[in-house]
Amino acid sequence: MTSQNPQDYLDEPTDVLAPQTQPAGAGHLLDMRGIVKTFNQGTENAITVLPGVNFHVDEGEFVSVVGQSGSGKSTLMNIIGMLDKATAGSYTFAGEDVTAMDDDEQAFYRSQNIGFVFQSFNLIGRISSLKNVEMPLMYAGVPVKERRERAEYLLEQMGMADRMGHNPSQLSGGQKQRVAIARALANDPPLLLADEPTGALDSQTGRMVMDLFHQLNREQGKTIVFITHNPELAAETTRVVTMVDGRIHDGQEAASPYMAHQPQAGVQALDPTLPMTPLQGGQ
Amino acid sequence: MNLRESLILALGSLRTNKMRSFLTLLGIIVGIASVIAILTLGHALQVQTNRSIASSGANDLTVQVKERPDPQASASPSNDPYGGLLGGSGANPDTDSKFDVDDINLIKQVMGDSIAGIPIGDSGYGGSYMPLTANGKEASGNAKFVNEDALKLKPLEIVAGRNITAEDINTSRKVAVISTETVNALYDGDPQKAVGSEITMDGTSGSMTGVVIGVYAPDTSGGIFSYTDTSAYYMPYTVASAVSDYETTEWSTITVRPSENADLAQTKAKLQAVLTQMYRSNDNFQAEIMDFSASTASFNQVLNNISMAISAIAGISLLVGGIGVMNIMLVTVTERTREIGIRKALGATRSAIRTQFVVEAMMVCLVGGLLGVLLGGALGMLGSNLMGLMVLPPLNAVLTSLGFSLAIGLFFGYYPANKAAKLDPIDALRYE
């Protein structure tokens, strides 16, 4: 689907289930160095949210980002998602320098490489599920017929085959989030950027959505950056990144990446010595 | 994201807010409808007037016999085109130089289909006042002594009997064609009773009794040039001497009525050639053509200008409608801020967002324009029907107004659309 770096996808489909194929840091999918974000720059209200963040995600990783409100994780996510520009620092995605792109180039690059899943679903209410899923394909210039086929296929995959013509207002929260995930997958992007995707769901539905992410990570090799408040869900992921005051406390690999992928084994993977635990207790 | 997609998106959002869309459309509908209605009525007036002009003889070629310009004279009379009409310096032509009935027949023969006829005796609205008596009753009447073409070329309908024929003229029959008004006064309104009955007219030099051969109905087309003297009655010019001091069998001025579908310039050139030939051996006089088609053209021009001016005033309401469109588009952009954010996050470029909203504004205006054309066309056709002649809205007016409404959509839609395109995706996504 995406052509920016074919090498990224060549070795992805078959072996992702095997734990030994987890990328060993050779090619970071996204690599941020010295990212600074200052709001209201040049005024007396200037506030620096990110003072210089280094952050990288490897292909196939399922990284969770945790932190208190105001810790800068949303700002980081906006920059990862190319919705916002860093004040300073470098950001390369699949080897390409995205900071050099203008808005429209970023818009296209975003549609090809990043699928968003939001806490509040962010579906467009007055059009059908199918049309919602078709939208990223439309902006990527995919012809109408292929667009429809792809959207139908994705909704079927999400178990939403019988809800394609429904508007989002006619769907439950879990169904909405499944439509949103189908939409995020529309252009088959290598990265899924999920901002509290279970935050608005009850625990059972949240569990189902979480399982879906594990499945996508495991079976389709999707790299996932997952922002959450929920320590249990964070603990299921391959790596947990904690943000405090705009700085990253990184490197907490889950005990067993392979085990961490197993949804039912998620809680077992939680290491009580993780520094994030007391932090989350404080929330 | 092509134009078709934008159209579908735009139609979708028009459907979502039906009431609001309609109210927005209303401004455009009223503007376009009034422009189209005015132009249709103007067109109707013009068509009707031109018909009226044609039937009243404004396209007639007036042929006048004039003295040949003297090469030695410093001021040539022919330099003054109205010299003859205004009784200028030209000498009166002698009898031989005037047109007689043979000349007229010759011209008709040579000109063939390109002319409708050469009416005689019906110039102007006047006539000789000669009251009529029949059945012991008296009615006022204006006698017109005409040839067979005169009545035929008037927009009058013969409702009973027949018209005056060439034979009536040639054999000097004392026959008359009278109006329905006269029939009302003398024959109790029964045309059948009138036809064939005797009628007496009191002339300036004696009275004459003739036979009614036909009854005409006055012109009711209602054009601004139509005028019917309802007391006029028509008789062959060859019987005029019986009741009047003058009998005319030679004319220094005749009018030639071109056929409706003939090319006026060609007809004129051909006629001039014929006349030149006829007067080739006349050393003192020649025949000149004067036509007044230029005044018809300038009349049309004035009418056009009036239509355009009124339309432009009506067009101001379009401006108001356009501001309404801009207003509602600004509301729409604000209302759909979050959607714009979502679309941007999903890869919509600025130009894709801008196109979507501009197309939406243009769709509102185009739909409004189409409805306005339908409404204005219907009103215009109704109005023109009431004026007596139904015409369709002029095609170029329809196309221009549709183009104009699209332009309004573009102009007033661009600012809101650009505002939408420039929204920051994060702010837009956070917007509640």
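The values are calculated or read from the model by the stated rules, or taken from the named source; none is laboratory data. This is a predicted model, so every value here is computed, not measured. Positions of Cβ are backbone-derived with ideal geometry, glycine not excepted, and every protein chain shown enters the neighbour counts. Just so you know, the surface numbers come from the protein's heavy atoms only, side chains and all, with ligands and any DNA or RNA stripped out. Shrake-Rupley method; radii C 1.70, N 1.55, O 1.52, S 1.80 Å.
If the chain between A:A46 and A:Q119 were fully stretched, how many nm would it gain, using 0.36 nm times the residue separation less the Cα-Cα distance?
Numbers: separation 73, 0.36 × 73 = 26.28 nm, distance 2.83 nm.
Net length gain for the segment: 23.4 nm.
List every residue whose amide H lies under 5 Å from the amide H of B:N163, counting only residues 5 or more places away in sequence or on a different chain, with H placed 1.01 Å from N in the peptide plane.
Here the answer is none, since no amide H 5 or more places off falls under 5 Å of that of B:N163.
Short version: ³J(HN,Hα) in whole Hz for each residue of the stretch A:230-247, in order, from phi by Karplus 6.51 cos²θ - 1.76 cosθ + 1.60 (θ = phi - 60°), x for Gly and Pro, what are they?
8, x, 5, 5, 4, 5, 6, 8, 6, 8, 10, 10, 9, 10, 10, 6, x, 10
Expressed as a whole number of Å, what is the distance separating the alpha-carbon centroids of the stretch B:141-177 and the stretch A:56-120?
For the stretch A:56-120 versus the stretch B:141-177, the Cα centre distance is 98 Å.
What trypsin sites (Lys or Arg not before Pro) in the stretch B:381-432 are in a loop by DSSP, with at most 15 other Cβ atoms within 10 Å of the Cβ?
Answer in residue order: B:K422.
Please sort B:393-406, B:296-309 by packing, taking for each peptide the average over its residues of neighbouring beta carbons within 10 angstrom, highest first. Working shown, then result.
Numbers: B:393-406: 18.1, B:296-309: 13.5.
Packing proxy ranking, top to bottom: B:393-406, B:296-309.
Which lysines does B:K108 reach when only Cα atoms under 28 Å apart count, and residues fewer than 8 places away in its own chain are ignored?
Cα-Cα hits under 28 Å: B:K66, B:K98, B:K144, B:K152, B:K154, B:K174, B:K268, B:K270.
Return the FRET efficiency for the residue pair B:E432, A:V144: r is the Cβ-Cβ distance, R0 is 22 Å, and the value is rounded to the nearest 0.05. Working shown, then result.
Details: r = 33 Å, r/R0 = 1.51.
FRET efficiency, B:E432 to A:V144: 0.10.
For chain B, max minus min Cα coordinate along each principal axis, in Å, sorted largest first?
The principal-axis extents, from largest down, are 105, 65, 31 Å.
Calculate the mean, over all residues of peptide A:125-138, of how many other protein chain Cβ atoms lie within 10 angstrom of the residue's Cβ.
3
Against the longest principal axis of chain B, how steep is helix B:395-421, in degrees 0 to 90 to the nearest 10, with axes from Cα atoms?
Once rounded, one gets 20 degrees.
Residue by residue through A:104-116, how many Cβ atoms from other chains fall within 10 Å of the Cβ on average? Can you show the working numbers first?
Numbers: counts 6, 1, 4, 12, 4, 1, 6, 6, 1, 1, 3, 2, 4.
Mean partner-chain Cβ count within 10 Å for A:104-116: 4.
Averaged per residue, what accessible surface does chain B expose to a 1.4 Å probe, in Å²? Working shown, then result.
Working: 20630 Å² over 432 residues.
Accessible area per residue: 48 Å².
Put a dot 7 Å past each Cα toward the Cβ at B:I289 and B:L330; how far apart are the dots in nm?
It works out to 6.4 nm between the two label points.
Given 0.36 nm per residue, what is the gain on full extension from B:L395 to B:N92 after removing their alpha carbon distance, in nm? If you can, show how the numbers build up before the last one.
Values: separation 303, 0.36 × 303 = 109.08 nm, distance 5.18 nm.
Length gained between B:L395 and B:N92: 103.9 nm.
Using R₀ = 41 Å, calculate the FRET efficiency as 1/(1 + (r/R₀)^6) where r is the Cβ-Cβ separation of A:F39 and B:L7; round to 0.05.
Values: r = 39 Å, r/R0 = 0.96.
Efficiency computed from Cβ-Cβ geometry: 0.55.
Give the B-A buried accessible area in Å², both sides summed, 1.4 Å probe, nearest 100. Please report the intermediate quantities before stating the final value.
Numbers: alone 21710 and 12970 Å², together 32530 Å².
The buried area between B and A, both sides summed, comes to about 2100 Å².
Quick one: which residues, 5 or more positions from A:V241 or on another chain, have an amide H under 5 Å from its amide H? H modelled 1.01 Å from N in the peptide plane, none for Pro or chain starts.
Residues meeting the amide H criterion: A:S64, A:V65, A:V66.
Give me the orientation-averaged projected area of the Cα convex hull of the stretch B:314-402, in nm², one decimal. Kindly include the intermediate steps, with their values, before the conclusion.
Working: hull surface 28.3 nm².
Mean projected area for the stretch B:314-402: 7.1 nm², to one decimal.
Enter the angle in degrees (range 0 to 90, nearest 10) between the Cα long axis of helix B:3-16 and the first principal axis of the Cα atoms of chain B, meaning the one along which they spread out most.
Compared with the principal axis, the helix lies near 80 degrees.
Suppose only helical runs count, i.e. DSSP H with n ≥ 4. What mean residue ellipticity at 222 nm does that imply for chain B under -39500 (n - 2.57) per run, divided by all residues and rounded to the nearest 500 deg cm²/dmol? Intermediate values should be presented prior to the final figure.
On the way: 14 runs with 226 residues, N = 432.
That calculation yields -17500 deg cm²/dmol at 222 nm.
Please give the FRET efficiency for A:S169 paired with B:E260, using the beta carbon to beta carbon distance and R0 = 56 Å, rounded to the nearest 0.05. The partial results should precede the final answer.
Working: r = 67 Å, r/R0 = 1.20.
Efficiency for this residue pair is about 0.25.
Per-residue Cβ counts within 10 Å, from other chains only, averaged over B:346-356: what number is that? Kindly include the intermediate steps, with their values, before the conclusion.
Values: counts 19, 20, 9, 9, 4, 2, 5, 2, 0, 0, 0.
That works out to 6 on average.
Most fluctuating residue of B:S351, B:S172, B:S252 in a GNM of chain B with Cα springs under 10 Å: which is it?
Looking only at B:S351, B:S172, B:S252, the largest GNM fluctuation is found for B:S351.
For A:Q220 paired with B:S140, estimate the spin-label separation in nm (one decimal), with each label point 7 Å from Cα along the Cα-to-Cβ line.
9.8 nm
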